[in-house]
């Protein structure tokens, strides 16, 4: 599923036209698409709808109910937002967003490159992305992996946790449970 599948489509609640979808709201914690950002007037979004209200998507978006909400703690993604790295380098504009089961995976730029959504640092009038780290230091460790590998309830990847995983022969299992590999 792509962002293009939503953008510019008419939004209906039942058989009543409510507006046009302009973008999506993404949770910064798990990168799940939570909201459709819609407009009844045109250029700026003036109401938002939970993704759970989507009943069907074809040429239009049909909602099972229209209960407008205020988006809480979300990154608002629109087409053509400029993308910058943390050091200020211009990386292009948003051309599309790849999603799977309403979870954002990659941002595609108009320059032909793709950026993992896990690198998203900030999003408002522009998108700012972090540099990709070569080590997974500081990432959260999923709970099932914590109980299998570590003696204590470790929540973040540290150098000592990596040493302990190497000693127990579980480094590959730990690595595959972390961000670019986990799905």
*asked:* Name the residue that is modelled with the highest pLDDT, counting only residues in the stretch 135-183 that are in contact with a helix residue (DSSP H, G or I) (Cβ under 6 Å, 6 or more places away or on another chain), within 18 Å of residue 118 (Cα to Cα) and part of a loop (DSSP other than H, G, I, E, B).
replied: 177
*Looking only at the stretch 98-131, count how many residues are more than 16 Å from residue 24 (Cβ to Cβ) and in contact with a helix residue (DSSP H, G or I) (Cβ under 6 Å, 6 or more places away or on another chain).*
2
*State whether the residues of the stretch 3-15 include one that is in contact with a strand residue (DSSP E or B) (Cβ under 7 Å, 6 or more places away or on another chain), assigned to a helix (DSSP H, G or I) and buried (at least 16 other Cβ atoms within 10 Å of the Cβ).*
yes
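The values are calculated or read from the model by the stated rules, or taken from the named source; none is laboratory data. None of the values given here were measured: they were computed from a predicted structure. A quick note on method: Cβ atoms are made from the backbone with ideal geometry, for glycine too, and the neighbour counts reach across all protein chains shown.
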